[in-house]
Structure formats: C-alpha cells, structure tokens
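Taken together, the values in this text are just the output of simple stated rules run on the coordinates, not laboratory data. This structure is a prediction, so every number in the text was calculated from the model and none was measured. FYI the Cβ positions are ideal-geometry reconstructions off the backbone, even for glycines, and counts take in every protein chain you see.
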Amino acid sequence: MQDDALKREFRRRRSAQRKVQALALAAFLAAFLVSRWIGMGDGYLIFGITVLATGLLAWTMHNWRCPSCSRYLGSRIVIHRCPWCDAELR
Ligand SMILES: [Zn+2]
C-alpha cells in the first residue's frame with residue numbers, strides 16, 4: 001500500500017474507532033439510566049453491558065489494526081508508527 005493510502009486508511013480506522021467508542025459510551029450510559037428509570041433488575045443491566053462490551057471488544061480487535069501489516073495496534077489511540085512493521089501511520 002502507498003504511504004498516502006496507508007495514512008488515509010489509518011485515519012479512517014481511527015475516526016471509526018473514536019465514533020464507535022463514543023457510541024458505546026452513550027449506550028452504556030443510556031442502558032444504565034433506562035434501567036434505573038424503569039426499575040429493571042441489575043441482572044439485565046449487567047447482561048446488556050456485557051453484551052455491549054463484548055461487541056465493542058470484538059469490533060476493536062477487527063478495526064484497530066495496522067493497514068500495512070494487519071496486526072493489532074494495542075490499547076493506545078495516539079500512535080504514530082506501527083509497533084510491529086514500523087509503518088508511518090500519521
Ligand atoms: Zn504494521
């Protein structure tokens with residue numbers, strides 16, 4: 001992949017990562033507030049949050065990868081180079 005295309009793809013993945021994390025945070029908060037509002041049991045809330053967290057984790061493992069070597073980039077969101085293949089990502 002060309003450098004520009006690689007950086008563009010990284011920007012797309014980083015942007016998607018931020019959006020999905022913000023959505024997940026909003027969903028966690030909404031689930032908590034709705035469960036308190038309608039008096040739903042904690043078991044349902046814990047189940048819902050577990051499903052959301054598992055989905056977020058699975059999506060992150062799929063999305064947060066180096067566009068050059070496809071290896072997982074780890075937990076850092078601020079990253080300039082791939083720790084595996086040293087590809088410049090920004
Ligand atoms: Zn890489």
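Given V51, V20, which one is under 9 Å from the mean Cα position of the chain (by Cα) and over 17 Å from I79 (Cα atoms)? Answer to the check: V20. Taking M1 and the conditions (1) under 23 Å from G74 (Cα atoms); (2) of a type outside the set (S, T, Y); (3) assigned to a helix (DSSP H, G or I), which numbered condition does it fall short on, given that it satisfies the others? Among (1) under 23 Å from G74 (Cα atoms); (2) of a type outside the set (S, T, Y); (3) assigned to a helix (DSSP H, G or I), M1 violates only (3).
Of everything in segment 69-81, what is of a type in the set (A, V, I, L, M, F, W, C) and under 17 Å from the mean Cα position of the chain (by Cα)? Give them in sequence order.
L73, I77, V78, I79
Among the residues of segment 40-65 satisfying the criterion of being touching a residue at least 40 places away in the same chain (Cβ under 8 Å) and within 16 Å of the ligand (Cβ to nearest atom), which is surrounded by the fewest Cβ atoms within 10 Å (Cβ to Cβ)? My answer is N63. Here is the figure for segment 53-90: residues that are more than 11 Å from L6 (Cβ to Cβ) and either touching a helix residue (DSSP H, G or I) at 6+ places or on another chain (Cβ under 9 Å) or part of a loop (DSSP other than H, G, I, E, B) (or both) total 22. If you go through segment 12-39 and keep only what is within 18 Å of W64 (Cα to Cα) and free of Cβ contacts under 8 Å to residues at least 12 places away in the same chain, you end up with R12, S15, K19, A22, L23, L25.
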